[in-house]
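I have placed the structure first, in the form of structure tokens, so that the comments after it can refer back to it.
The values are calculated or read from the model by the stated rules, or taken from the named source; none is laboratory data. Because the structure is predicted, anything quoted here is derived from the model rather than measured. Methodologically, a virtual Cβ is constructed for each residue, glycine included, from the backbone with ideal geometry; neighbour enumeration extends over all protein chains shown.
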Amino acid sequence: MSDESAKLTFNDKTAALARRTGTIGPEVVDISALYKDTGLFTYDPGFSSTASCESKITYIDGDEGVLLHRGYPIDQLAEKGDYLETCYLLLYGELPTAREYEDFVYRVTRHTMVHEQMSRFFTGFRRDAHPMAVMVGVVGALSAFYHDSTDIADPHQRMVASLRMIAKMPTIAAMAYKYHVGQPFVYPRNELTYAENFLHMCFAVPCEPYKINPVLAKAMDRIFILHADHEQNASTSTVRLAGSSGANPFACIAAGIACLWGPAHGGANEAALNMLTEIGTKDRIPEFIARAKDKNDPFRLMGFGHRVYKNYDPRAKIMQQTCHEVLDELGIKDDPLLEVAMELEHIALHDQYFIDKKLYPNVDFYSGITLKALGFPTTMFTVLFAIARTVGWIAQWKEMIEDPHQRIGRPRQLYTGAPSRDYVAVDKR
Ligand code: SDX
């Protein structure tokens, strides 16, 4: 929907800026003709006030702490559904019927194996390489193994590439973990659910049968749901920008993984657990709160704050509940890290600095404690985030590619460098 509204006049040139209204959330001012009509660029380096696209996939209300996937609240999806159902919803826009769900699970399940040659690919890495470095490399190389699903103009190849990405990420992630710990790779098993399969590929060993714990598998599945998609975050924007050039989906997802790795983004779950470990005991919390408030100290409370949420991240609440379920199931009483985390949250939420800046725990604050209890090393935490977010990246990439108005993304700049000047010979400098 759009209607004529703002006009911007600059140096006797005027641009008519159409106001567009979405289904819910902030309206936008369409500035696409601004430069043509006035010679002006807009300036918004962190994109705090910029909508980069139109999307129907995910909506976040940061002030209310609301997260909807195709209109369905995250807490309902996490409580009532499973990860592959959420994948179907994100990709196709509607919850699947029983038949559609069964067919989708069947198709994803039968794409979980990777080309056998890929297992040799891993041997080029050092065993102590960070698993995220391995993921960037191996996922980026997928287009070297699956040439038959890289033509983005072919809807069938796009669908196959999408299924392959969603299906193979857990297998590749488990291989990265097994390589890291020096254990043999474990093949996927078609009779297991998505989360069961991942836990089995990570923790089964050839010497004995691996027993799936349904409580832990359900927790793993819910963690995947919580991390599936999140509007135009940094890594999703990276995938969209890479895809806008026509790059194949495997290369675009590898770009998303690289961006997710940053501690300000998906790397925060690893950084948050490292921070809780460094704090160690409740009595040291005031020292770290003071550091977080000190403008001269670059330290930030990892797992706190968010560009969009200025209220509690709804995923963090569900993650905290999941954390308690996992610790209870494993009989872990009085986990010192959980004690520190809960006390830190309590103190921060009552501290005027955090209240004024609307800093609340985000999805990464409790995930690390949960993943550590499930048996993962901290270096695998962001890898798990990448597994879950692959469907969001793919759904957003698919939406962009299928947009008939899609063009290559090419931002401009405010240039503050040297004006034109002539070359000076080296003996004259
Ligand atoms: C994810 O975008 C998404 O949707 C991401 C994500 C997703 O699902 O894709 O939700 C996943 O990345 C969650 C965020 C994980 N990152 C962290 O937990 C790292 C710690 N958080 C911060 O680095 C920060 O809060 C960001 C990066 C998350 C948001 O940064 P912004 O929006 O650019 O905010 P800012 O850096 O401008 O901070 C605003 C103010 C600053 O103070 P002033 O300069 O105004 O005085 O708040 C302060 C900051 O110093 N601040 C913090 C803080 N976060 C912000 N102070 C202490 N601790 C923090 N964590």
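Looking only at residues in region 248-289 that are outside any helix (DSSP H, G or I) and free of Cβ contacts under 8 Å to residues at least 40 places away in the same chain, which one is surrounded by the most Cβ atoms within 10 Å (Cβ to Cβ)? Give the steps one after another, and end with the answer.
Applying the first criterion (outside any helix (DSSP H, G or I)) to region 248-289 yields 248, 261-267, 280-281.
When the remaining residues are screened for being free of Cβ contacts under 8 Å to residues at least 40 places away in the same chain, the result is 262-265.
Working: Gly262: 14, Pro263: 16, Ala264: 12, His265: 18.
Ranking the candidates gives His265 first.
Do we have Phe365 as of a type in the set (Phe, Trp, Tyr), crowded, with 19+ Cβ neighbours inside 10 Å and modelled with pLDDT of 95 or more here?
Working: of a type in the set (Phe, Trp, Tyr): yes; crowded, with 19+ Cβ neighbours inside 10 Å: yes; modelled with pLDDT of 95 or more: no.
Judged against the criteria, Phe365 is not a match.
Give the residue, chosen from Leu89, Leu67, Leu8, Leu84, that is in contact (Cβ under 8 Å) with a residue 24 or more places away in the chain and not in a strand (DSSP E or B). Talk me through it step by step, then tell me what you get.
Working: Leu89 fails: in contact (Cβ under 8 Å) with a residue 24 or more places away in the chain; Leu67 fails: not in a strand (DSSP E or B); Leu8 fails: not in a strand (DSSP E or B).
None of the others qualify; the one that does is Leu84.
For region 309-352: of the residues being of a type in the set (S, T, N, Q) and within 30 Å of Tyr59 (Cβ to Cβ), which is modelled with the lowest pLDDT? Top of the filtered list is Asn311. Of the residues making up region 37-60, those that are touching a residue at least 12 places away in the same chain (Cβ under 8 Å) and loosely packed, with under 13 Cβ neighbours inside 10 Å are Gly39, Tyr43, Gly46, Ser48, Glu54, Lys56. For region 321-370, the set of residues classified as away from the ligand (no atom under 15 Å from the Cβ), outside any loop (DSSP other than H, G, I, E, B) and touching a residue at least 40 places away in the same chain (Cβ under 8 Å) consists of Thr322, Cys323, Glu325, Val326, Leu327, Glu329, Pro336, Leu337, Glu339, Val340, Glu343, Thr370, listed by residue number. Checking each residue in region 154-193 for being in contact with a Ser or Thr (Cβ under 8 Å, 6 or more places away or on another chain), among the β-branched types (Val, Ile, Thr) and over 14 Å from Ile394 (Cβ atoms) picks out only Thr171.
Of the residues Gln396, Gln413, which is of a type in the set (S, T, N, Q), touching a residue at least 40 places away in the same chain (Cβ under 8 Å) and assigned to a loop (DSSP other than H, G, I, E, B)? Don't jump to the end; show me each part of the working.
Working: Gln396 fails: assigned to a loop (DSSP other than H, G, I, E, B).
Sole residue among the options that is of a type in the set (S, T, N, Q), touching a residue at least 40 places away in the same chain (Cβ under 8 Å) and assigned to a loop (DSSP other than H, G, I, E, B): Gln413.
Look at region 92-132 and say how many of its residues are farther than 28 Å from Gln183 by Cα and either touching a Leu at 6+ places or on another chain (Cβ under 7 Å) or assigned to a loop (DSSP other than H, G, I, E, B) (or both). Steps first, please.
If we filter region 92-132 for residues that are farther than 28 Å from Gln183 by Cα, which is where we start, we get 92-107.
Among the residues that remain, those that are also either touching a Leu at 6+ places or on another chain (Cβ under 7 Å) or assigned to a loop (DSSP other than H, G, I, E, B) (or both) are: 93-97, 104-105, 107.
Total meeting the criteria: 8.
Looking at Leu89, is it at pLDDT 95 or above, under 12 Å from Ala228 (Cα atoms), crowded, with 19+ Cβ neighbours inside 10 Å and more than 16 Å from the ligand (Cβ to nearest atom)? Yes, satisfied.
Residues are listed down the side, and each one gets a yes or a no for (1) over 17 Å from Met380 (Cα atoms); (2) touching a helix residue (DSSP H, G or I) at 6+ places or on another chain (Cβ under 7 Å); (3) of a type in the set (A, V, I, L, M):
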position: His227; (1), (2), (3): no, yes, no
position: Ser244; (1), (2), (3): yes, yes, no
position: Ala254; (1), (2), (3): no, yes, yes
position: Ala264; (1), (2), (3): no, no, yes
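Just so you know, in region 266-301 the residues that are among the acidic types (Asp, Glu) and in contact with a helix residue (DSSP H, G or I) (Cβ under 6 Å, 6 or more places away or on another chain) include one that is nearest to Trp397 (Cα to Cα), and it is Glu270. Counting the residues of region 263-320 that are among the aromatic types (Phe, Trp, Tyr) and within 19 Å of Ile225 (Cα to Cα) gives 2.
Let's see how each residue does on (1) within 26 Å of Val363 (Cα to Cα); (2) hydroxyl-bearing (Ser, Thr, Tyr); (3) touching a residue at least 40 places away in the same chain (Cβ under 8 Å); (4) in a helix (DSSP H, G or I):
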{"residue": "Ala153", "(1), (2), (3), (4)": "no, no, no, no"}
{"residue": "Ala161", "(1), (2), (3), (4)": "no, no, yes, yes"}
{"residue": "Arg164", "(1), (2), (3), (4)": "no, no, yes, yes"}
{"residue": "Ala173", "(1), (2), (3), (4)": "yes, no, yes, yes"}
{"residue": "Phe185", "(1), (2), (3), (4)": "no, no, yes, no"}
{"residue": "Ile212", "(1), (2), (3), (4)": "yes, no, no, no"}
{"residue": "Arg222", "(1), (2), (3), (4)": "yes, no, yes, yes"}
{"residue": "Ser235", "(1), (2), (3), (4)": "yes, yes, yes, yes"}
